[in-house]
Amino acid sequence: MKGRILTLSLFLFACVTQAQVLGELTVDKIMRDPKWIGTAPTNVRWSLDGKSIYFNWNPENATSDSLYKVVPPAKTPQKVSKQERMSLPSPFGTYNKTYTKFLYEKNGDIFLHDIATNKATQITKTSVRESSPAFSGDEKKILYTEDQNIYSWEIGSGLVEQLTDFKKGKKNSPPPTSEQDKWLRQDQLATLAILKERDDKQKAGRAIQKSEQPKRPKEIYTEDKNVEQARLSPDGKYVTFRLTKSSTTKSTIVPNYVTTSGYTEDISARTKVGGILNTAELYVYDIARDTVLQVKTDALPGIQDKPAFVQPTDDKNAKDKKPSNRTVTMFGPIWSDDGKQAALIIRASDNKDRWIALLNVATQELTSIDRLHDDAWVGGPGSFSLGWINNAQLWFVSEETGYSHLYSYDINSKSKKALTSGKYEVQQVDLARSKKHFYITTNEVHPGEKQFYKLPILGGAAERITSLTGAHEVEVSPDEKKLAFRYSYSNKPWELFVMDNKAGAPSQQLTNSLTAEFNSYKWRDPLVTTVKARDGADIYTRLFKPEKPNGAAVIFVHGAGYLQNAHKWWSSYFREYMFHNLLVDKGYTVIDMDYRASAGYGRDWRTGIYQFMGGKDLTDHVDGAAWLVKEHGIDPKRIGIYGGSYGGFITLMGMFTTPGVFAAGAALRPVTDWAHYNHGYTANILNTPVLDSTAYAKSSPIYHAEGLQGALLMCHGMVDVNVHFQDVVRLSQRLIELKKENWELAVYPMEDHGFVEPSSWMDEYKRILKLFDENLK
């Protein structure tokens, strides 16, 4: 009996062990629900008192993530009870000036949390939503927004006061009195004494009644516009607000064929590029003068400049026409601590200019302190960052030198100073509570790393705090003594760590999220190298090299355009990463490239596709193919290419416009005609179809489909509200008309732009693998 029990135990142990071993990679295995990998910690934040680290995690492989915490110096995460979770303050809010109180919104109500006692006072409890809580300038009142209007709650007395009275529509006014009716009234009053006496009494009574009414905020009618960013000045004398008018441009619809109702249902989606945009205007409400005046942009340098791509006209009437100000959107204001200075970020609607300006709320005048112009488009990390160092100095991020760097501006001396410099990007900035230094995250060490630094407030040498190769996402404790951070490496998914806020301090890993099955496979650490482009530029590239090459290669093209993937941290394209390991196991050499327009490499790289998508971004991949042939012995007739979204677009352009380079391509959810994509992304790069039709014709695959050679697979979700299914349908019709036969289309009726169902991922990648296996032999 003992022998049988031992045999059974060994058998069960072997079964469990076998189940925990991944074995040979297959599409079915790697495209399962990602929980099989393990769930990484997310949403890391410190408690307000700095004693605990909270984060979302799912080590139990439950239906969804739960809230966990670690209380240093303990290292073991604890699952937070429902009672504790429900009582926690929101992580999003605002502190008072001394960081002793925290103001936040939770479930549509406003709360004030005292950090010393760890107790919260509920300020509102209503069925409508109160939001945007803030302290008044003297911190004696709590300000919040309800139904677009600002209210205050006095901390000492509990008095609630309405400070604005915005109303939709137009004010009802009596119809104008005709001259005839005015004459009749005057004649009646002049002729009949009693009538005159009664009229005088009525006027006096109304005057008395008006004088006895409590003072109310001015009624401000917004007609068909919406109120945004309504803010009270620190001295309580002014209210700044933005009025936004929604565009009347026709929106698209996406048909949803598989529904619970059994009927085809329409999903309301976005507009297309080139439509009429929303408009936004900034106003100042002077409470004492009871007046509302608009902030004009006339004083902004270059406000009337036409974009460089707009050609001069020979139309005499157009030449004689007075130039007009370009439309802009204003963000802010952001007030200095003493409440005497207000700063704004102003962006031109054509995105060719960004101004930072001071606003005099009393006169509504703007004074530009920094203008950043780009003939392509203004962007880069931190382009919306702005804050006050002290009452006389601002900080902001600018791509002025070609790379995003940190600057300060002194409003007294009117001088600007670069606090960082070099051929790298400052990707995140936070001002320390002491205001003696900044915390910055940069890729100075390597374009494919994210390291955390402490920078003196006056600039100079930054002290590097983190040291692990890869990427760090850091949260500083309230007392700034410790750092909680997520860290990952190329073949190591994100985990949570804690360390002292000191250079060289050791770090402690707090989570172990990966499953035994995932760890049983030796996931490759791809080499991050560079490929020389035809114009001499270095293209950062990840190389997956097989031990036994089969002579074929696959190039992966990341999506989003402005994104980075040739880096040293765990990729958001983790499924593709695992698929690349599968391909390498089969002998394929795989590369993925941070082609022109990828993030992390400065302004010139970011804007390298201006007015021509499918230009340098495509030739970078063609040069990558040539590099594979020259440096790695790849057969030039056995190279495939694939990618999703923008990667799908590049795949199409490669298959259509570079004959003989790619034997097979898989275009997943691709843009086929940029005139049918959204405005915010497309207009930056190609301007608008009406003003720059040549750029759209050069850049849209549908106009080049006659060049198709090689085998093409297209895959698209039918309820894609980003790149619409219509894109691939229109291209399919074009290929039919051109009598092309070497293509196929796979559709996914229940998938949006990013697939969610494992069965869809499995089907899609089995097709991709079959495409390469059959055509790259």
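List of remarks:
- One decimal place: the segment Leu431-Thr515 gains 26.4 nm when fully extended, by the rule 0.36 nm per residue minus the C-alpha distance.
- Apolar share of the accessible surface for region 669-731: 60 percent from carbon plus sulfur atoms, 1.4 Å probe.
- Share of pairwise Cα separations in region 154-267, more than 26 Å, in percent: 61 percent
- Accessible-area ranking of Thr248, Thr466, Thr694, largest first, probe 1.4 Å: Thr248, Thr694, Thr466
- Where only alpha carbons of region 648-701 are counted, the Rg and the Dmax (Å): 12.2, 36
- Placing dummy labels 7 Å off each Cα toward the beta-carbon, the span from Lys739 to Ser90 is 6.3 nm.
- Unit Cα scatterers, Debye sum, the chain: log10 I(q)/I(0) for q = 0.07, 0.10 Å⁻¹: -0.65, -1.27
- Descending semi-axes in whole angstrom, ellipsoid equivalent of region 323-458, from the Cα gyration tensor: 25, 20, 11
- Close amide H contacts of Met750 (hydrogens built in the peptide plane, cut-off under 5 Å, sequence separation of 5 or more or a different chain): Met718.
- Average accessible surface area per residue within region 503-546, 1.4 Å rolling probe, Å²: 50 Å²
- Considering only alpha-carbon pairs that sit under 8 angstrom and 6 or more positions apart, the relative contact order computed for region 601-662 is 30 percent.
- Calculated [θ] (222 nm, deg cm²/dmol) that DSSP helices of n ≥ 4 give over the chain, each run adding -39,500 (n - 2.57): -6000 deg cm²/dmol
- Each Cα pair under 8 Å and six or more residues apart adds its separation to the average, and for the chain the resulting relative contact order is 9 percent.
- Beta bridges from DSSP with both residues in the chain: antiparallel share about 80 percent, rounded to the nearest 5.
- Protection proxy ranking of 714-723, 541-550, 390-399, 256-265, by the mean of other Cβ atoms within 10 Å over each peptide's residues and highest first, is 714-723, 390-399, 541-550, 256-265.
- Carbon/sulfur fraction of accessible area - region 85-186, other protein chains in place, 1.4 Å, %: 51 percent
- Of the trypsin sites (Lys or Arg not before Pro) found in region 281-371, the ones in coil according to DSSP and having at most 16 other Cβ atoms within 10 Å of their Cβ are Arg289, Lys296, Lys321, Lys340.
- Ignoring lysines fewer than eight residues from Lys170 along the same chain, the ones with Cα atoms less than 19 angstrom from its Cα are Lys218, Lys225, Lys245.
- Global form of region 262-384, assessed from the alpha-carbon gyration tensor, a/c cut-off 1.5: oblate
- For region 154-248, the solvent-accessible area with a 1.4 angstrom probe is 75 square angstrom per residue.
- Once C-alpha pairs closer than 8 Å and six or more residues apart are averaged by separation and normalised to the residue number of region 411-497, the relative contact order reads 16 percent.
- Each other residue within a Cβ distance under 14 Å of Val756 adds +1 if Lys or Arg and -1 if Asp or Glu, for a net charge of -3.
- Cα extents of region 316-403 along the three principal axes, largest first (Å): 52, 36, 16
- Computed about its Cα centre, the charge dipole of the chain is approximately 980 debye, with only Lys, Arg, Asp and Glu carrying charge at their Cβ.
- Mean projection area, nm², convex hull over Cα of region 668-775: 7.4 nm²
- Dimensions in Å of region 497-549 - Rg and Dmax from alpha carbons: 18.4, 46
- Taking the inverse of the mean 1/r over every pair of distinct Cα atoms in region 245-290 gives a Kirkwood hydrodynamic radius of 14.3 Å.
- Nearest 10 degrees, 0 to 90: helix 574-585 Cα axis against the chain principal axis: 10 degrees
- Alpha carbon convex hull of region 136-190, volume per residue in cubic angstrom: 170 Å³
- In terms of overall dimensions, the C-alpha atoms belonging to region 396-533 reach 62, 47, 19 Å along their principal axes, ordered largest to smallest.
- Label zone at Glu139, where the point sits 7 Å out along the Cα-to-Cβ direction: region 331-370 residues whose backbone N lies under 17 Å: 335-340
- Overall, the anisotropy analysis places region 46-189 in the prolate class: the square-rooted eigenvalues a ≥ b ≥ c of its C-alpha gyration tensor yield a/c not less than 1.5, with a/b exceeding b/c.
- Projected onto planes of every orientation and averaged, the convex hull of the alpha-carbon atoms in region 439-495 covers 4.2 nm².
- Accessible area per residue for region 607-715 is 29 Å², calculated with a 1.4 Å probe on protein heavy atoms, without ligands, DNA or RNA.
- Compared with the dominant principal axis of the Cα atoms in the chain, helix 193-212 is inclined by about 40°.
- Note on region 457-521: semi-axes of the ellipsoid equivalent to its C-alpha gyration tensor, largest first and rounded to whole Å, are 27, 13, 9.
The values are calculated or read from the model by the stated rules, or taken from the named source; none is laboratory data. As the structure is a prediction and not an experimental result, all values here were calculated from the model. Heads up, the Cβs are rebuilt from the backbone with ideal geometry, glycines too, and the neighbour counts pull from every protein chain shown. Heads up: the accessible areas ignore ligands, DNA and RNA and are worked out on the full protein's heavy atoms, side chains in. Shrake-Rupley method; radii C 1.70, N 1.55, O 1.52, S 1.80 Å.
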